[in-house]
Every structure is written in C-alpha cells, then in structure tokens.
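See below for the structure under consideration.
Taken together, the values in this text are just the output of simple stated rules run on the coordinates, not laboratory data. The structure presented is a predicted model; accordingly, all values stated were derived computationally and were not measured. Positions of Cβ are backbone-derived with ideal geometry, glycine not excepted, and every protein chain shown enters the neighbour counts.
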C-alpha cells in the first residue's frame, strides 16, 4: 500500500509512457500463445475455430479485441517513440511534437477505419 | 542483465515489425468487416507463399522480441536472475516460436 | 503562521523499515524540509540521524525522500510539498539505509567508478595546455551534464535501478557521457566498454525520472541516450570490422 503510494507520487508523463509500454508488452506476450493456439485449430478442428470466431461477435469479446488492437498499436508507437528518443539526437520538444503528430494521425486513421466498419 | 547484443536484437526486431504490425492492423480492420470465419481466413492465406513469408517473419521477430522483453520485466519486477532468467527467456522465445510456427503452418500449407 | 504546527512523519531506519515516528513541528515562513528535520533532531529526538553539510544545494549530502519523491531537503520549501498539514520524510530510495535518514552512498560511488567516471589524461605537466573549443558540439554536450553534484536524487528516482541492481544508474552514466565528449579525456574505449557492460546504458528504459527529478535540472536521460547512440555506432563498427 505504501509502496503503491510511493510509486503514484513519483509518476510523471514519461514514466507513465514507460509503464504503458511495459504493460502493453506483457499483455501482448500473454495474449499471443492463445492467438496462435486458436489459429492452429484451423486445421486441427475447423468447426471449433468457427465456433470461436462466432463468439467474437459478442460485444464483450469485441471490446476485448479492441483492447488487443489498442495494446498492439500503443506498444508499436511507444516503441517508435523510444527508438526516436534513443537514436535521433532531437531536442525533447521535437520528440514530443513527433509523438503527438504520430498519435493524432493514428487516431484519425483509426476513426476513419472504424467508421468504414 | 541485458547485454548489448540482446539490446540490439530487441531494437532490430522492433524495427522489422513496424511494417508487419501496420500490415497486420490493416488486415484486422479489413477482415473483421462482415464477421470472421475459418473459411474466410483460410481462403486468404492457404497456399500463399506471401502470407507465409509475412507471418513467418512476424512470428520469428515477435518470438525474439517478446523473449527479451519478458526477460527484462521478469528480472526487474520478479527479481529472477542467473540461470533461471536465461531459462525463462528461452522458454518464452522457443514456446512462442513453436506455437506461432504451428499457427502459420496451419493457415498456409497444412 | 508560527502558531501552526506541521505533522511530520519520519520513516526511520533499515532495521525498522516500517517504523514511522510522528512529530509535531512548529511551522515557520520560508521553512525548508531540512529545517524541519533539524528541528526534530534538536528539540524532539536527539537520536535522529541525518546528513547535511552546506544547506545551499552545493554539497549533495542532504537528499531524502519527501512524500515519496527524492529531493534536496535544503532547497525544498515545506510550503511546496505540504500535503494538507502533513509531510513524510524517509531515507533515499535504492541505497542501503545505515540509520534513520542516512543511507550508504558506497554503491552509488562504486558505480560512478565502474562507469569510468574519472579523468583519463593523456598529457603530462610538460605538455602545453590543450585548447578547448567552448562552442563545439561535443563541448556543449559535456557542459550540459558537468554540474552534477552527486546527490543521488536521480539514482533514487530511477525504477530501473530499483529492479536491476547491476544497472549503473543515471548519474554515473551521465558523467561517462560528459567525459566521452570532453576533448581532454582520452578514455573513449574504456568508457564505451564500461557503459555497454552488464549494467550499462542499454538497461535504461528511458522512463525519465532522473531528468524529471534532478534538482539541478540536468538531463541524464538524454545523456544516456547519447551513450546508446555511441554504443550502437561502435557495435556496428566492430561487426563490420570482423
């Protein structure tokens, strides 16, 4: 409890980006084995795959899927931000701008695509 | 804890996956329109050398990338070190590769 | 304001990590956290151990955790950190506690040395003084980091240090970066080897707590990024070489 309070008191934007990157990474690592296993049922038990895919129509599952897509996107952009920060000798303001631009454009693109769906 | 070699492998696989992730996201958005079915997925990927390459490289890269990432997290947040840490990294990498390769094979040439 | 009192919680000692002692300290105007700790030691509990020297932010010895954040206590006004009427003060994070608010700084300085944070001279007193171009890009990089006073605030702020005991930490790596950019330092290879070893710069996750909390507003995170770039370059040069 006290440890948690200590962590919260030290939180700042870049630190939150680090935590988000780490948690999304762990989330993806946990999700991937299931993803692979489900896909492999395409040959071992095609009926079961269809049953599973039908389930993905349920709204709760849809929400979870959106969450996964979000994890993937956030981890990728977080990683790009990290590599830009490490390898490109930019000024911090340029980096924030670039990250902001990437995030905004991604959001717009995602909105468009969601509308298309 | 993390050697320079692992650091580079982590970054190189990350860069490699940028176009793959974008492609995969595009496929997701495209494929979920009108619902998913096994037949639809297989219709796209079966017998396709291109999709085999795309997802084959993806699986190799993600196995390496995730294994190194899990190594860092497990060391820093769980306190695992030494041989146990190496074992966790290799199990993560090889496990993901085995499962991923099986999945890619299943939707392409199986 | 003098009639008011502050509720001060002191987290004491390594052996008694959970020992929290509460003191009521008279509030004053322009009071620093160090003033508060000193008042407790002088008027409430003479057994309280803490460390300070200059009181003006030059010596780097009075850093403590104030409400969970590492700070120079001598340059932190109580009014800036007060939560309601309360304030919690503890020993610096990521270093072994000797007693009460005093930590053992040895690991911090040992890593400073391990990162080759010392001058690597190549000239003798017989040689003419080497000119330093104050406007060169390398000198500007070096200048950006040389004001560090080794207070260990960044080291205490860093979660990578907390989870990865081998990691050299922001202060030591920043010093290595200033030396790498110093025209008078000839230890380039030794420094690059040191900062890419087991606990090297590649362990940093760029969470930026060092830069966020440095009381001098230095930027160790960018210095470490610089080391990562140089390490990357020398790695690929070596790969190409063999």
Using the basic label-point model (7 angstrom from Cα toward the beta carbon), what is the residue C:98 to residue A:96 distance in nanometres?
4.0
For chain B, calculate the relative contact order in percent as a whole number, restricting contacts to Cα pairs under 8 Å that are 6 or more residues apart.
39
Of all beta bridges DSSP finds with both residues in chain C, what is the antiparallel percent, to the nearest 5?
80
So in segment C:5-103, what percent of DSSP beta bridges are antiparallel if you round to the nearest 5?
80
Choice from C:39, C:72, C:177 with maximal GNM fluctuation in chain C (Cα, 10 Å cutoff):
C:39
Computed FRET value (nearest 0.05) for residue C:42 with residue C:80, which takes r as the C-beta separation and R₀ as 22 Å
0.45
Could you tell me the calculated FRET efficiency between residue C:54 and residue A:106, based on Cβ-Cβ distance and R0 = 56 angstrom, to the nearest 0.05?
0.70
Among B:50, B:6, rank each residue by its count of other Cβ atoms within 10 Å, from fewest to most, as a rough exposure measure.
B:50, B:6
So for the pair residue C:137, residue B:87, with labels modelled 7 Å out along Cα→Cβ, what separation do we get in nm?
4.9
Which of the three applies to segment C:106-239, rounded, prolate or oblate, going by the alpha-carbon gyration tensor with a ≥ b ≥ c and a/c under 1.5 meaning rounded?
prolate
Mean separation of Cα contacts under 8 Å, 6 or more apart, over the residue count of segment C:5-103: relative contact order %
35
Sorted by packing (mean other beta-carbon atoms within 10 Å per residue), highest first, where do C:129-139, C:214-224 land?
C:214-224, C:129-139
Percent relative contact order for chain C, counting Cα pairs under 8 Å at least six residues apart, stands at 17
Which angle from 0 to 90°, rounded to the nearest 10, does the C-alpha axis of helix C:170-180 make with the longest principal axis of chain C?
30
For the pair residue C:130 and residue B:94, what calculated FRET efficiency results from E = 1/(1 + (r/R0)^6), where r is the Cβ-Cβ distance and R0 = 51 Å, to the nearest 0.05?
0.45
Taking 7 Å along the Cα-to-C-beta vector as the label spot, tell me the residue A:12-residue B:40 distance in nanometres, rounded to one decimal.
4.7
Three-way shape label, segment C:5-103, alpha-carbon gyration tensor, a/c 1.5
rounded
For segment C:139-183 versus segment B:1-33, the gap between their alpha-carbon centres in whole angstrom:
31
Tell me the mean residue ellipticity at 222 nm calculated for chain B from its helices only (DSSP H runs of n ≥ 4, each -39500 (n - 2.57), averaged over every residue, nearest 500).
-27500 deg cm²/dmol
From Cα coordinates alone, what are the radius of gyration and Dmax values for the protein assembly as shown in angstrom?
26.5, 86
Rounded, prolate or oblate, given the Cα gyration tensor of segment B:28-105, with a/c below 1.5 counting as rounded?
prolate
Which order do the peptides C:199-209, B:52-62, A:40-50 come out in when sorted by mean C-beta neighbours inside 10 angstrom, highest first?
C:199-209, B:52-62, A:40-50
Peptide B:74-80: average number of partner chain Cβ atoms within 10 Å per residue?
4
Helix-only [θ] at 222 nm, chain C, -39500 (n - 2.57) per DSSP H run of 4+, per residue, nearest 500, equals -9500 deg cm²/dmol
Taking beta carbons within 10 Å but only from partner chains, what does the mean come to for residues A:13-23?
4
Students often check this: by mean Cβ neighbours within 10 Å, which of C:86-96, C:143-153 ranks highest, and how do the rest follow?
C:86-96, C:143-153
Nearest 10 degrees, 0 to 90: helix B:49-73 Cα axis against chain B principal axis
30
Considering every residue in A:29-38, what mean count of other chain Cβ atoms within 10 Å of its Cβ is obtained?
5
